[in-house]
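The values are calculated or read from the model by the stated rules, or taken from the named source; none is laboratory data. A quick note: this is a predicted structure, and the numbers were derived from the prediction, not measured. FYI the Cβ positions are ideal-geometry reconstructions off the backbone, even for glycines, and counts take in every protein chain you see. What goes into the accessible areas is simple: the full protein's heavy atoms, side chains included, and nothing from ligands, DNA or RNA. Shrake-Rupley method; radii C 1.70, N 1.55, O 1.52, S 1.80 Å.
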Amino acid sequence: YGNQKITSTFLTLVSCVKIDEEKRLFIFAEMQCWQIWQLMIFGYIAVVIIPQCFVFLLGLKLVLSRKVGKWQFMLSLICPLPFVLYWLYLIIKSKKMVQIKGEFEAAYDENEAEDEVLNKIFGSFSKDNISPYICWQGVIEMRRLALVLCSVLILDNLTKSMVMTVICFSALIAEMKVKSHSKSFIDAFSTISLSFQVIFGMSCSIFAAI
């Protein structure tokens, strides 16, 4: 929740609209856009916020398969971009996906009990129906980031509601197909929650179209 609020606030501070041939800050039209502090925010978004989703998407599996050290994973939470680029290089370089999957499954069972930090993040997700490279926590983080981007950057209410509804519906289909959690009642709760989000999004779209 904290990351979502930070991301939403930062995106609001760099959201601009065109007024009289000039770009103005959406929340304070008297201020012109592209100030130095806005460029710093753009840099923070590019280096930290967006790559942080890929830390969970890729990093946890690499840690559990012992391709990446645990301290490297912890440091990646502070400055994600260089680590994510390095991990992508490792994944692209590796051609033995079956071997990596086997290493991951063995390492998961071995590390699950001994590392409480990783188990807190990863342990609630099932290892059976997920790619050997991708952790479902990263998928959830990507979905949250996409919803925040839509809510802040899309100004037209109808378009915003429709795009966010499509994202939630896609997430619902994926959740029902993958059954990513290790406990069935968590999968059921997640499915119900996403279903309500889809219904709410469709209702907002209808009201915005009227």
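So the values come out like this:
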{"read-out": "Residue under evaluation K120, criteria (1) modelled with pLDDT under 85; (2) more than 21 Å from K67 (Cβ to Cβ); (3) loosely packed, with under 14 Cβ neighbours inside 10 Å; (4) under 18 Å from the mean Cα position of the chain (by Cα), criterion not met", "value": "(2)"}
{"read-out": "Residue among L25, L64, L60 that alone is of a type outside the set (F, W, Y), in contact with a Cys (Cβ under 7 Å, 6 or more places away or on another chain) and within 21 Å of V139 (Cβ to Cβ)", "value": "L60"}
{"read-out": "Index of the failed condition, L194 passing every other in (1) under 28 Å from F10 (Cα atoms); (2) hydrophobic (A, V, I, L, M, F, W, C); (3) out of contact with any Asp or Glu (no Cβ under 9 Å at 6 or more places or on another chain)", "value": "(3)"}
{"read-out": "Pair list, Cβ under 7 Å, 6 or more apart: segment 181-210 residue more than 12 Å from M164 (Cα to Cα), other residue open to solvent by 50 Å² or more (accessible area, probe 1.4 Å) and of a type in the set (D, E, K, R)", "value": "D187/K179"}
{"read-out": "Those residues of segment 167-187 which are surrounded by 14 or more Cβ atoms within 10 Å (Cβ to Cβ) and modelled with pLDDT of 80 or more, in sequence order", "value": "I167, C168, F169, S170, A171, L172, A174, E175"}
{"read-out": "Considering residues of segment 56-72 that are among the charged types (D, E, K, R) and out of contact with any Leu (no Cβ under 8 Å at 6 or more places or on another chain) only, the residue least open to solvent (accessible area, probe 1.4 Å)", "value": "K61"}
{"read-out": "Tally, over segment 170-194, of residues that are under 19 Å from the mean Cα position of the chain (by Cα) and either among the hydroxyl-bearing types (S, T, Y) or within 12 Å of L147 (Cβ to Cβ) (or both)", "value": "7"}
